[in-house]
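Working notes, structure below.
No value in this document is a laboratory result; all are computed from the given coordinates. Every value quoted in this text rests on a predicted model; they were computed, and no experiment measured them. Neighbour counts run over all protein chains shown; Cβ positions are idealised from the backbone, glycine included.
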Amino acid sequence: LVDADHFDRDQAEDESTHPFGRRRQRSDGRSRIQARDPFALLRSRFGIAHNLRLYTEEELMSIIERASTRLQLPTLGEDAIRALARRSRGTPRVALRLLRRARDFVEVRAGGTFSFETVAEALTLERIDNLGLDDLDRAYLRAIAEIYEGGPVGVDAIAASLGEDAGTLEDMVEPYLLQIGFLARTRQGRCLTARASDHLGTPDFPASPQLFDR
């Protein structure tokens, strides 16, 4: 027989409260804090709810054009502005950073002339491809494709393979890859999509079997 009072007390210790959430015991013996959502109770009190999204290419082009005027740059052609906007990962901060890098390149190596060719050459020097992916993004995708055969694989294993911090990958790499449809997050782990395989030039990987597939 099990003492009900003793069982409840043990369960309460396993799920003890914490200033930032509820502490739960993991299978490996370590405890994990399940964070509370401090805005959950307040969210329903507002009549209008908005979701954040990435900026469109046209919106980024407008931002780049205004920024170039403030930086007193020569007139940028539409093709050059679009090339910068397309590689900006839907983020104005990235767009402005790329604009400054392109300005430095143009002033030093292109005689101050902005064009699609000079902007593309500047971004190639920065190792940023036409989708805005950098070396870390491509290394992340190739690790899943070449080491883990397309996934599924956990982010900790990917981080160990790359020598990077798992939090860095979750915060800096994965959000954009999810937005453009290059990455799928499942309960088993991260998987490459067919779109990512086409971009990398690797063969498509078969869909991984589900837990209870026979």
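Any residue at all in segment 93-102 that is within 29 Å of THR56 (Cα to Cα) and under 15 Å from the mean Cα position of the chain (by Cα)? Walk me through it before giving the result.
Narrowing segment 93-102 to residues within 29 Å of THR56 (Cα to Cα): 93-102.
Subsequent filtering for residues that are under 15 Å from the mean Cα position of the chain (by Cα) retains 93-94.
Taking every residue of segment 93-102 in turn, at least one turns out to be within 29 Å of THR56 (Cα to Cα) and under 15 Å from the mean Cα position of the chain (by Cα).
Residue count for segment 68-91 under the criterion of being farther than 21 Å from THR124 by Cβ and surrounded by 17 or more Cβ atoms within 10 Å (Cβ to Cβ): the result is 0. Look at segment 128-141: where a residue is without any contact (Cβ under 8 Å) to a residue 24 or more places away in the chain and a partner is charged (D, E, K, R) and in a loop (DSSP other than H, G, I, E, B), sitting 6+ places away or on another chain with Cβ atoms under 7 Å, you get ASP134/ARG127; ASP135/ARG127.
Let's see how each residue does on (1) part of a helix (DSSP H, G or I); (2) farther than 21 Å from VAL94 by Cβ; (3) among the polar types (S, T, N, Q); (4) touching a strand residue (DSSP E or B) at 6+ places or on another chain (Cβ under 9 Å):
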site: THR113; (1), (2), (3), (4): no, yes, yes, no
site: THR124; (1), (2), (3), (4): yes, no, yes, no
site: ARG142; (1), (2), (3), (4): yes, yes, no, no
site: GLY151; (1), (2), (3), (4): no, yes, no, yes
site: ALA160; (1), (2), (3), (4): yes, yes, no, no
site: LEU169; (1), (2), (3), (4): yes, no, no, no
site: LEU178; (1), (2), (3), (4): yes, no, no, yes
site: ALA184; (1), (2), (3), (4): no, yes, no, yes
